[in-house]
Amino acid sequence: MDKIVECVPNFSEGRRPEVIAEIVKEIEGVEGTVMLDQEMDKDHNRAVVTFVGEPEQVLEAAFRAIKKASELIDMEKHTGEHPRMGATDVVPFIPVSGVTMAACVELARRLGERVGNELEIPVYLYEEAATRPDRVNLADVRKGEYEGIKAEIGHNPDRKPDFGPSRTHPTAGAIAIGARQFLIAFNVYLGTTNLDIARNIANAVRFQTGGFRYVKAMGFEIKERRQVQVSMNLVNYRGTPIFRVYEAVKAEARRYGVPVVCSEIVGLAPLESIVQVADYYLGLENFSLDQILESKLKSPKLSAKGELKGFLEQVQSKEPTPGGGSVSALAGALAAALAEMVCRLTIGRKAYESVREEFREMRKKLDSLRIELTYLIEKDARSFDSVILAMKKPKYTEHEIEIRNKAIEEATKIAAGVPLEVMEKSLEVMRLLPEIALKGNVNSVSDAGVANLAAKAAIEGASLNVRINLGSIKDGAFAERLKSRMENILSECDGLFAQTKRIVEEKLA
């Protein structure tokens, strides 16, 4: 396959294997799809299916699965521990190879429109496909679950679906369809039946209640095992690795005098996420995926060159995206990568033994920042595309004009927020550079200097993209907040740039 999309539909059925078998049969009936994994949970009364294929085949298979689920699963009779809103509860598309996130967003919208029109199931777009900021988070979309949505959908404007009727399907309920990055479903079992403890620990690690940035968590009672479970979705395993969450859950459990019995990964997980765990617990030094034999065999050296060449060709084309915002994000990612390289060339050298732990921590931070900035390269392009789509909405009636203007405003706010994210992440890189230049391997001080220049270019370039969007935002208070934050970042950037440059110049002299 030249283009590979992963689809991970969740069905509200975990007690009747024959039902899931019928649904899977529909997926496998589409030539070109490959079934990767099936998981069923009786207590949650939920099944998770993972399959991949070319975009069009995956789209068709997902539709057939949703249709079959609507025939076999009755939400009026459904009970289970896991939050749910429909027979097919959620359908995310994930880019794997040769496919952009923007393409997955388009798949989600096409599937949503077809499900709404042909099956008359109300569809809510979420995550990267969301049409409204309050629908990015799946938990917000699913608030109130099946019963709450059924009661409100017909008269609460906030419950109006993106596609389909303003009423739940008689048996299939409603559905969330979206596009997202790879997610790891990670559960930790506790040696107690006290559900309050599991919920308290979930609150401690969940981002929404002050925990880790990329963690969604809930506490569940698993009656069959006579245990409780902290059930988590790790939506960015690079930003928040498995080991970090696991250690936090163990620490919280100790407070309550409760043992951690075991943990599990539901479905599939990238090799990199498991390597992170091995790296942490073994205390490996400067270990990378390149040292995995299978990775070396499957990753030709020329692939990176091909990707870079493709990106440069996209930039030079007449298409408006990727543009200056994406290039600024790339500059920030390059700054983080160079700074990370200096850390790696410092760690393990006898002359720099005194800063080993400090540089290991900085390397980890830079690794996360590089990943986030790389993601923002594409996110910036998608945010601009969303503005263009909003502008293409119909404007023949006053109602249509009102909807169009609101859509343009929301899309423009997001388009202004993305380059501000680039500025913030690049500034975090700059904050580490003075120490890296001062204490790092002197033979790499010039690399620290180049990282400094690249980070400054990223921040100043991204600021231009913030400013060009601010002029179109009618929400004065919102625009003022963004402008104030932008100016503060620019001011701090100037000071940090001068500081690092001075250190580099002194070392070179």
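Read-outs throughout are calculated quantities, based only on the coordinates presented, and are distinct from any laboratory measurement. Owing to the predicted nature of the structure, the values given are computational and were not obtained by experimental measurement. Cβ placement follows ideal geometry from the backbone for every residue including glycine, while neighbour counts extend to all protein chains displayed.
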| Taking N as its residue count, the alpha carbon Rg of segment 235-377 over 2.2 N^0.38 Å | 1.29
| If the chain between K3 and R167 were fully stretched, how many nm would it gain, using 0.36 nm times the residue separation less the Cα-Cα distance? | 55.4 nm
| request: Using all C-alpha to C-alpha distances in segment 85-135, build P(r) with 5 Å bins and read off the rounded percent in each one. | output: 4, 20, 28, 26, 14, 6, 1
| More than 25 Å apart - percent of Cα-Cα pairs taken over segment 4-179 | 24 percent
| Computed log₁₀ I(q)/I(0) - Debye formula, equal Cα scatterers, no solvent, segment 300-508, q 0.14, 0.15, 0.17 Å⁻¹ | -0.85, -0.94, -1.10
| query | Hey, got the dipole for segment 129-195? About the Cα centre, +1 on K and R Cβ, -1 on D and E Cβ, debye to the nearest 20? | reply | 120 debye
| field | Listed pairs K439/K501; K143/K483; K25/K150; K365/K439 exceeding 22 Å between Cα atoms | value | K143/K483; K25/K150
| message | Can you tell me the orientation of helix 356-391 relative to the chain, as the angle in degrees between its alpha-carbon axis and the longest Cα principal axis, to the nearest 10? | response | 60 degrees
| Loop-located GluC sites (Glu not before Pro) in segment 4-39, at most 11 other Cβ atoms within 10 Å (DSSP) | E31
| Along the chain, longest interval not containing exposed chymotrypsin sites (Phe, Trp or Tyr not before Pro), exposed being DSSP loop plus at most 15 other Cβ atoms within 10 Å | 1-255
| task | Take the Cα gyration tensor of the chain, multiply each eigenvalue by 5, square-root it, and list the three semi-axes largest first, rounded to whole angstrom. | result | 39, 30, 22
| said: I'd like the FRET efficiency for D158 and E353, computed as 1/(1 + (r/R0)^6) with the beta carbon distance as r and R0 of 51 Å, rounded to 0.05. | reply: 0.30
| query | If you line up the Cα atoms of segment 379-454 on their principal axes, what length do they span on each, largest first, in Å? | reply | 66, 15, 13
| task | Taking the Cα centre of segment 1-147 as origin, sum charge times position over the Cβ atoms of Lys and Arg (+1) and Asp and Glu (-1), and report the length of that vector in debye to the nearest 20. | result | 220 debye
| note | Both in Å, the radius of gyration and Dmax of the C-alpha trace of segment 455-509 are 15.0, 51
| note | Among A176, V188, L433, the residue whose Cα sits farthest towards the positive end of the charge dipole of the chain, when +1 is placed on the Cβ of each Lys and Arg and -1 on the Cβ of each Asp and Glu, is L433
| message | Over segment 409-496, what portion of Cα pair distances is larger than 22 Å, expressed as a whole percent? | response | 33 percent
| task | Show that you can apply the helix-only estimate: for the chain, add -39,500 (n - 2.57) for every DSSP H stretch of four or more residues, divide by all residues, and state [θ] at 222 nm to the nearest 500. | result | -18500 deg cm²/dmol
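Suppose every Lys and Arg Cβ carries +1 and every Asp and Glu Cβ carries -1, with no other charges. What dipole size does the chain come out with about its Cα centre, to the nearest 20 debye?
Its charge dipole is roughly 940 debye.
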| task | Pop out the Kirkwood hydrodynamic radius of segment 184-282 from its pairwise C-alpha distances, inverse of mean 1/r, in Å to one decimal. | result | 13.3 Å
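Using 0.36 nm times the number of residues separating I274 and K143, minus their current alpha carbon distance, what extension gain do you get?
Here the answer is 43.9 nm.
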| said: Per 0.36 nm of contour for each residue apart, how much would the distance between L508 and I401 grow if the chain were fully extended, relative to their Cα-Cα spacing? | reply: 32.5 nm
| Pairwise label distance in nanometres, Q38 with E313, each label 7 Å out on the Cα-Cβ vector | 4.1 nm
| note | To the nearest 10 degrees, the tilt of helix 101-114 (Cα long axis) against the first principal axis of the alpha carbons of the chain is 10 degrees
| remark: In whole percents, the bins of 5 Å from zero upward hold the Cα-Cα pairs of segment 156-234 as 3, 14, 17, 14, 12, 16, 15, 7, 2, 0
| task | Give the angle, between 0 and 90 degrees and rounded to the nearest 10, that separates the Cα long axis of helix 242-255 from the longest principal axis of the Cα atoms of the chain. | result | 80 degrees
| How would you rank C262, C104, going from fewest to most other Cβ atoms within 10 Å of each one's own Cβ? | C262, C104
| query | Could you list log10 I(q)/I(0) for segment 90-182 at q = 0.20, 0.21, 0.22, 0.24 Å⁻¹, which the Debye formula gives when each Cα is one point scatterer? | reply | -0.88, -0.96, -1.03, -1.19
